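To keep things clear, I will list the structure first and then write my remarks on it.
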Amino acid sequence: MSESRGSDADLLERLAGGDHGALSIVFDRHAPAVTRYAWAIASSRMDVEEIVQDTFVTVWRRAAEIAIPETSLLPWLLVTCRNLGRNAARKAARHQADELDELRADAAEAMREHRDAEAARDELRWVLDAIEQLDPTDRRVCELCLVDGMSYAEAAQLLGLSVGAVKQRVSRSRARLKKAVSLDEI
């Protein structure tokens, strides 16, 4: 009997003995049917290829344990294919659920950040409104030192004031701003 005409039971015995040629014959004989079945249970080409490959790797690894009551190995291959397809679907569903959880967490974080940014803008509006009510020189000192981060010496030189005068104006303005914000919170 030629290799290509061996029964599936004979091929299975050869597979159990580690015969690569037997695996090749089993693959050639049953891959088209297994592939068609995999297409019925998987949605992408990549998934189909992986399921078919895993089916034949499984028959290779478990050949010694397989007992086929019929003359064909195909029913065993199709059941294995179905089980691998279901496993892949469950894995994809878990992965999709994990991605959804990550998206929800990201969306919740974005909402918190948005609320925090809104709160910061509201607080900043109160401070900016309070700064607008200062006299022009005090307002400019606050803008330069408190908002722009300029040193007292740099602001003093720019405005033609002494460093002591700038320090005093910043201190007085901070007290006014703190009082304005504190009164607003009450």
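Determine, yes or no, whether PHE27 is in contact with a helix residue (DSSP H, G or I) (Cβ under 8 Å, 6 or more places away or on another chain), over 24 Å from ARG90 (Cα atoms), part of a helix (DSSP H, G or I) and assigned by TED's automatic domain parsing to the domain that holds ARG90.
yes
Screening ALA130, ALA156 for residues that are assigned to a helix (DSSP H, G or I), aliphatic (A, V, I, L, M) and at pLDDT below 85 leaves exactly one candidate, ALA130. Within the stretch 13-26, the set of residues being within 41 Å of the chain's Cα centre (by Cα) and surrounded by 16 or more Cβ atoms within 10 Å (Cβ to Cβ) comprises LEU23, VAL26. Applying the condition of being without any contact (Cβ under 8 Å) to a residue 12 or more places away in the chain and in a helix (DSSP H, G or I) to the stretch 58-82 and asking which residue is nearest to ALA33 (Cα to Cα) yields PRO75. Need the failing condition index for GLY149 against (1) at pLDDT 75 or above; (2) part of a helix (DSSP H, G or I); (3) loosely packed, with under 11 Cβ neighbours inside 10 Å, just the number. Evaluating GLY149 over (1) at pLDDT 75 or above; (2) part of a helix (DSSP H, G or I); (3) loosely packed, with under 11 Cβ neighbours inside 10 Å leaves (2) as the failure.
If you filter the stretch 1-57 down to residues that are touching a residue at least 12 places away in the same chain (Cβ under 8 Å) and of a type in the set (Ser, Thr, Tyr), you find that the one that is farthest from ASN83 (Cα to Cα) is SER4.
The values are calculated or read from the model by the stated rules, or taken from the named source; none is laboratory data. Computed from a predicted structure; not experimentally measured. Here Cβ is always computed from backbone atoms with ideal geometry, including for glycine, and neighbour counts include all displayed protein chains.
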